[in-house]
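Asker: Okay, handing you the structure first.
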Amino acid sequence: MIELHPEFLTKNGQKQFAILPYEEFLKVQELLEDLEDLQDLRNAKTEEKDSDSVSLIEVKKMLLS
């Protein structure tokens, strides 16, 4: 897990905004993109779990024919 060093902007004593150093922001953004990719992969696997499949050996045979 990445260590964050946020600065907070407040209004009337309540935190309103968190400001991150740019490098930390980029790391958070990359982690969120990876998480989204993982969720997309899981969704695709769930959608395709009952689909017919072809083994790699069968694909090679089809391409070489």
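The values are calculated or read from the model by the stated rules, or taken from the named source; none is laboratory data. Note that the coordinates shown come from a computational prediction; the quantities given were computed from them, not determined experimentally. Reconstructed Cβ throughout: ideal geometry from the backbone, glycine too, with neighbour counts over all protein chains shown. Quick note on the areas: whole protein, heavy atoms, side chains included, nothing else; ligands and nucleic acids left out. Shrake-Rupley method; radii C 1.70, N 1.55, O 1.52, S 1.80 Å.
Asker: Along the positive direction of the dipole of segment 5-62 (beta-carbon charges: Lys, Arg +1; Asp, Glu -1; about the Cα centre), which of Ile19, Val59, Thr46 reaches farthest?
Answerer: Result: Ile19, furthest along the dipole toward the positive end.
Asker: Continuing with this model, one more query. Leaving out ligands and nucleic acids, and using a 1.4 Å probe, what accessible area per residue does the chain come to in Å²?
Answerer: On a per-residue basis, the chain sits at 101 Å².
Asker: Please report the net charge: other residues with Cβ closer than 12 Å to the Cβ of Asp40, K and R +1, D and E -1.
Answerer: -3
Asker: While we're looking at this one, here's another question. What is the chain's relative contact order, in percent, from Cα pairs under 8 angstrom and six or more apart in sequence?
Answerer: 19 percent
Asker: Let me ask something additional. How far, in degrees from 0 to 90, does helix 22-47 lean away from the longest principal axis of the Cα atoms of the chain, to the nearest 10?
Answerer: Relative to the chain, helix 22-47 is tipped by roughly 30 degrees.
Asker: Still on this structure, please answer the following. Whole-Å semi-axes of the chain's equivalent ellipsoid, largest first, each the root of 5 times a Cα gyration tensor eigenvalue?
Answerer: Output for the chain: semi-axes of 48, 15, 7 Å.
Asker: Please give the net charge around Phe17, taking every other residue with its beta carbon less than 10 angstrom from that of Phe17, where Lys and Arg add +1 and Asp and Glu add -1.
Answerer: After counting each charged neighbour, the total is +1.
Asker: Compare Met62, Met1 by solvent-accessible area with a 1.4 Å probe and give them largest first, with all protein chains kept in place.
Answerer: Ranked list, largest accessible area first: Met1, Met62.
Asker: In debye, nearest 20: dipole of the chain around its Cα centre with unit charges on the Cβ of K, R (+) and D, E (-)?
Answerer: About 80 debye.
Asker: Calculate what fraction, in whole %, of the accessible area of the chain sits on carbon and sulfur atoms when a 1.4 Å probe is rolled over the protein chains.
Answerer: 55 percent
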